[in-house]
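Peer 1: Please find one structure pasted underneath; my questions will follow.
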Amino acid sequence: MSIKVIISLSILVLSLGACASKSMTNKPAEKESNTIKTLDIKKAEAPASKQDRVNSLLLFIDRFSNDTLDAQKKSFNETNRALTENKFDLTERIKLAIMLSLPSSRIRDTAKAQNLLQDLLQENSLNPTESALTSLFYEYVLDDIKQSQKNRDDLKKLDLSQQKLEALQQKYDALDKKLNDLKNIEKTISDRDSKVISKPITKP
């Protein structure tokens, strides 16, 4: 799964979330009091702010993916400083996991990213859109780790096959040498016999 696919899926999840939140928001009745209307407005604003937070994460993903090594290191250090001040900052924790997950990241570490993403998902402190985005990255990291392990296993199998092939080649070379030695012995015997036959017999 490429990062473009992750971003596309994230946008799709956000769009669906926005549609769902709109469909769940009822228009206030005309006879409702001002107090109830105020509460409805606050409820309507809450999902929007959460969606804005995820939108900012998507913008961060796009920017970080195209950043230089120095810019990526700067973002990484800033996030770590923010987490030193407040280790429970969800946005910064997600950003850190993203930086360690992205294939375009120069500070990539899928093992650390897996642990961070798993912790975030198990805490159940994310809103639905944040959870969807985090889950996408978690699945991507797991898939990447599995593929990397498969590549290492395939490489080991290839090395083993190469060693077996080299051993067979050595056996073939040894047999070929023995065959050549036997041919040389046979030729020597044949040449000696032909000399004996061709030598003239002298009468006493």
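Peer 1: Just a yes or no: is a residue in region 117-133 within 13 Å of the chain's Cα centre (by Cα), surrounded by 12 or more Cβ atoms within 10 Å (Cβ to Cβ) and not charged (D, E, K, R)? Explain how you work it out, then say what you get.
Peer 2: Pass one, region 117-133, residues within 13 Å of the chain's Cα centre (by Cα): none.
Checked region 117-133: no residue is within 13 Å of the chain's Cα centre (by Cα), surrounded by 12 or more Cβ atoms within 10 Å (Cβ to Cβ) and not charged (D, E, K, R).
Peer 1: Of all residues in region 104-130, which are modelled with pLDDT under 90 and in a helix (DSSP H, G or I)? Quick ask: steps written out before the conclusion?
Peer 2: Taking region 104-130 first, the residues modelled with pLDDT under 90 are 123-130.
Result: E123, P128, T129, E130.
Peer 1: Hey, another quick one. Tell me which residues, restricted to region 131-164, are at pLDDT 85 or above and among the hydrophobic types (A, V, I, L, M, F, W, C).
Peer 2: Listed by number, the residues that qualify are A132, L133, L136, F137, V141, L142, I145, L155, L158.
Peer 1: What's the number of the only condition in (1) within 16 Å of L90 (Cα to Cα); (2) touching a helix residue (DSSP H, G or I) at 6+ places or on another chain (Cβ under 6 Å); (3) not aliphatic (A, V, I, L, M) that S131 fails to meet?
Peer 2: (2)
Peer 1: Now for a different question. Do any residues in region 140-160 that are under 23 Å from N115 (Cβ atoms) and surrounded by 12 or more Cβ atoms within 10 Å (Cβ to Cβ) have Cβ atoms under 7 Å from those of residues that are of a type in the set (A, V, I, L, M, F, W, C) and modelled with pLDDT of 90 or more, where the two are at least six apart or on different chains, and which pairs are they?
Peer 2: Between residues of region 140-160 that are under 23 Å from N115 (Cβ atoms) and surrounded by 12 or more Cβ atoms within 10 Å (Cβ to Cβ) and residues that are of a type in the set (A, V, I, L, M, F, W, C) and modelled with pLDDT of 90 or more, the close pairs are V141/A113; V141/L117.
Peer 1: When you scan region 81-103, do you find a residue that is surrounded by 21 or more Cβ atoms within 10 Å (Cβ to Cβ) and of a type in the set (G, A, S), even just one?
Peer 2: Scanning region 81-103 turns up at least one residue that is surrounded by 21 or more Cβ atoms within 10 Å (Cβ to Cβ) and of a type in the set (G, A, S).
Peer 1: Scan region 57-71 and tell me whether some residue there is of a type in the set (F, W, Y), touching a Lys or Arg at 6+ places or on another chain (Cβ under 7 Å) and surrounded by 17 or more Cβ atoms within 10 Å (Cβ to Cβ). Full working, then the answer.
Peer 2: The initial filter retains those residues of region 57-71 that are of a type in the set (F, W, Y), namely 60, 64.
Next cut, touching a Lys or Arg at 6+ places or on another chain (Cβ under 7 Å) only: 60.
Then drop every residue that is not surrounded by 17 or more Cβ atoms within 10 Å (Cβ to Cβ), which leaves 60.
Yes - at least one qualifying residue is present in region 57-71.
The values are calculated or read from the model by the stated rules, or taken from the named source; none is laboratory data. Quick caveat: nothing in here was measured; it's all calculated off a predicted structure. No Cβ is skipped: glycine too gets one built from the backbone with ideal geometry, and neighbour counts run over all protein chains shown.
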